[in-house]
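The structure appears right after this line, and notes come after that.
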Amino acid sequence: MKAWPDNPFLQGYYEPITFEANAPDLVVEGEIPKELKGTFYRNGPNPQFPPENEYHFFTGDGMVHAFTFDNGRVSHRNRWAKTQRFNIEKRLGGSYFSGVNPLATDPKLLDFVLNDQQGVANTNIIWHGGRLLLLTEGFMPFEMDPKTLDSLGTWDFYGKLKTSMTAHAHRDPRTGELLFYSYWTNGPFTEGMELHRVSSEGFITESYAFEAPYSAMIHDFVVTDNYIIFPVMPLTGSMDRAMSGQSPLAWEPEKGSRIGVMPRMGTPADLVWIDADPCYVFHFMNGRDRNGVITIEACEFEHAPLFPYASGEMTPNTHPNMSRWSIDMNESDPKLIRQTIGDRGAEFPVIDSRFAMQEYRYGWYTSTDLKVPAPIPDSDFIYNCVDRIDVVTGEVDSYSFDNCYVTEPMYVPRSDSAQEGDGYVLDLIYNRDTNTSDMCVFNALEISAGPIGRAKVSHRVPVSFHGTWVGA
Ligand SMILES: [Fe+2]
């Protein structure tokens, strides 16, 4: 195999691994609580072959890493998502697809690319209706066997899903209902959107088509007891740009943000679109409403990172901070009020999922110890801290791993009946000095005390985006 190209997202922490392995019993330092029983799945980009075309790390082949906790021991297994695209490249023995512009694909594969339903399955992984589903927002879910991580293929909800599924679906912990949306449903870079409701058993029960104010990348949304919020922010999609060989996605702040608010039990015919200043949010921590006032915590950027302006010029470095959004739906002309509540960076937020869509107190996310220099050439920031925020008092409890990268945390309650926060936080870190990764376990309310235990992987687990916990 050729060497990885000179691209910061293919080197160091980001350099893909070239194997699938089983490690049945990782070396443990400290103590892994015996009551932690289940599997923490992580999904991220790990290209099978060195890209021949321009590479964007949102488009590397998905690889799942599964860490199974049982009675104080931890095993590790990793497998690629063997999508159709993965299998074609394996058969052809090299890289054939463009990471940035699908129309730049080898002409003999263009028909496939334009009709591909699986993509690279690299962004999120969820457990719903007894299925382990890998999600990338431009494609259908891709199913894996939860034990072996064997690839099982496209999951279309018994034929009911005809388009893509967002990477960030939200489950109501009280009913088990899963809500998700699709975008670009009338073809690439169109305004078409759909909202879907899925029963706890995994059946789509309702679907509604509607239109966004403009074509945009819509990575996450918010559900509260009484509202569904679709944040359309100006990271826009354009077929014209794609046809002319540019990045189809670009930052167009002049379009402003448009925040769609819909009653939870309504339909898109009831949507109210609120004009707001431009900003970009990949991930929302949680949202809730009281007496018609919606409150949301969001990891907010001034502009979308990693993408160019419509002119093709790259946008400058930017970092997300925790921001509180509020919308008073009692007003005749509701406004979005935004207030920054942190300045050390905040991304990849998680909560105790039993409190999703409701009043809650604690969130955990990745942030930055600004004393440590950034190790990647195109950023002045490294995510090297795990933080807990108390959204009621604003108190932040943080632990810095100094020269290590951290990933999106995962909260696991001590038991099904434990109080909010009485449990553990898991975080997969990468140590730049040893080029190895550790699965770390914290007491969830004592983050600054550092990990109480680490399960040590003997090699690097490259960058991953999102994960899920499935209890034993
Ligand atoms: Fe995401």
Identify, by number, the condition in (1) in contact with a helix residue (DSSP H, G or I) (Cβ under 9 Å, 6 or more places away or on another chain); (2) more than 16 Å from the ligand (Cβ to nearest atom); (3) aromatic (Phe, Trp, Tyr) that Tyr424 doesn't meet. (1)
Out of (1) over 13 Å from Pro231 (Cβ atoms); (2) of a type in the set (A, V, I, L, M); (3) assigned by TED's automatic domain parsing to the domain that holds Thr190, what's the single condition that is false for Met357? (3)
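Just checking, does the stretch 170-177 include any residue being modelled with pLDDT under 95 and either part of a loop (DSSP other than H, G, I, E, B) or under 30 Å from Glu359 (Cβ atoms) (or both)?
no
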From Ala472, Ala449, which residue is under 24 Å from Arg131 (Cα atoms), among the small types (Gly, Ala, Ser) and either more than 16 Å from the ligand (Cβ to nearest atom) or touching a helix residue (DSSP H, G or I) at 6+ places or on another chain (Cβ under 7 Å) (or both)? Ala472
Listed by first then second residue, the pairs whose first member lies in the stretch 258-269 and is in the same structural domain as Leu235 (by TED's automatic domain parsing), whose partner is assigned to a helix (DSSP H, G or I), with beta carbons under 7 Å and at least 6 positions apart or on separate chains, are Met262/Pro268; Met262/Asp270; Pro263/Asp270
How many residues does the stretch 436-451 contain that are part of a loop (DSSP other than H, G, I, E, B) and under 24 Å from the mean Cα position of the chain (by Cα)? 3
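Only one residue in Glu331, Glu359, Glu408 is assigned to a loop (DSSP other than H, G, I, E, B) and without any contact (Cβ under 8 Å) to a residue 60 or more places away in the chain. Which one?
Glu331
For the structure I just gave you, tell me whether His196 is within 16 Å of the ligand (Cβ to nearest atom) and either out of contact with any Gly (no Cβ under 7 Å at 6 or more places or on another chain) or closer than 17 Å to Gly129 by Cα (or both). Explain how you work it out, then say what you get.
Working: within 16 Å of the ligand (Cβ to nearest atom): no; either out of contact with any Gly (no Cβ under 7 Å at 6 or more places or on another chain) or closer than 17 Å to Gly129 by Cα (or both): yes.
Against the criterion (within 16 Å of the ligand (Cβ to nearest atom) and either out of contact with any Gly (no Cβ under 7 Å at 6 or more places or on another chain) or closer than 17 Å to Gly129 by Cα (or both)), His196 does not qualify.
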Out of all the residues in the stretch 35-55, is one or more crowded, with 17+ Cβ neighbours inside 10 Å, part of a helix (DSSP H, G or I) and not charged (D, E, K, R)? no
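Quick grid of which residues meet (1) modelled with pLDDT under 95; (2) more than 25 Å from Pro305 (Cα to Cα):
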position: Asp378; (1), (2): yes, no
position: Asn384; (1), (2): yes, no
position: Gly394; (1), (2): yes, yes
position: Asn443; (1), (2): no, yes
position: Val457; (1), (2): no, yes
position: Ser464; (1), (2): no, no
I'd like the residue in the stretch 99-123 that is among the aliphatic types (A, V, I, L, M) and within 16 Å of the ligand (Cβ to nearest atom) and, out of all such residues, is farthest from Glu143 (Cα to Cα). Val120
If a residue must be within 22 Å of the chain's Cα centre (by Cα) and either more than 25 Å from Phe465 (Cα to Cα) or polar (S, T, N, Q) (or both), how many such residues does the stretch 401-422 contain? 1
So Gly153, is it in a strand (DSSP E or B) and at pLDDT 95 or above: yes
In this structure, is Asp387 over 30 Å from Pro47 (Cβ atoms), away from the ligand (no atom under 16 Å from the Cβ), in the same structural domain as Tyr41 (by TED's automatic domain parsing) and crowded, with 16+ Cβ neighbours inside 10 Å? yes
Which of the residues belonging to the stretch 452-469 are within 16 Å of the ligand (Cβ to nearest atom) and assigned to a loop (DSSP other than H, G, I, E, B)? Val463, Ser464, Phe465
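So which strands (runs of 3 or more DSSP E) stay within the stretch 209-316 end to end and still have 1 or more residues that are β-branched (Val, Ile, Thr) and surrounded by 15 or more Cβ atoms within 10 Å (Cβ to Cβ)? Write out each step before concluding.
On the way: elements: 227-232, 235-237, 249-251, 257-263, 272-276, 280-290, 293-301.
Where strands (runs of 3 or more DSSP E) fall fully within the stretch 209-316 and carry at least 1 residues being β-branched (Val, Ile, Thr) and surrounded by 15 or more Cβ atoms within 10 Å (Cβ to Cβ), they are 227-232, 235-237, 257-263, 272-276, 280-290, 293-301.
The values are calculated or read from the model by the stated rules, or taken from the named source; none is laboratory data. Remember, predicted model here, so these are calculated numbers, not experimental data. In this analysis, Cβ positions are derived from the backbone assuming ideal geometry, glycine residues included, and neighbour counts consider all displayed protein chains.
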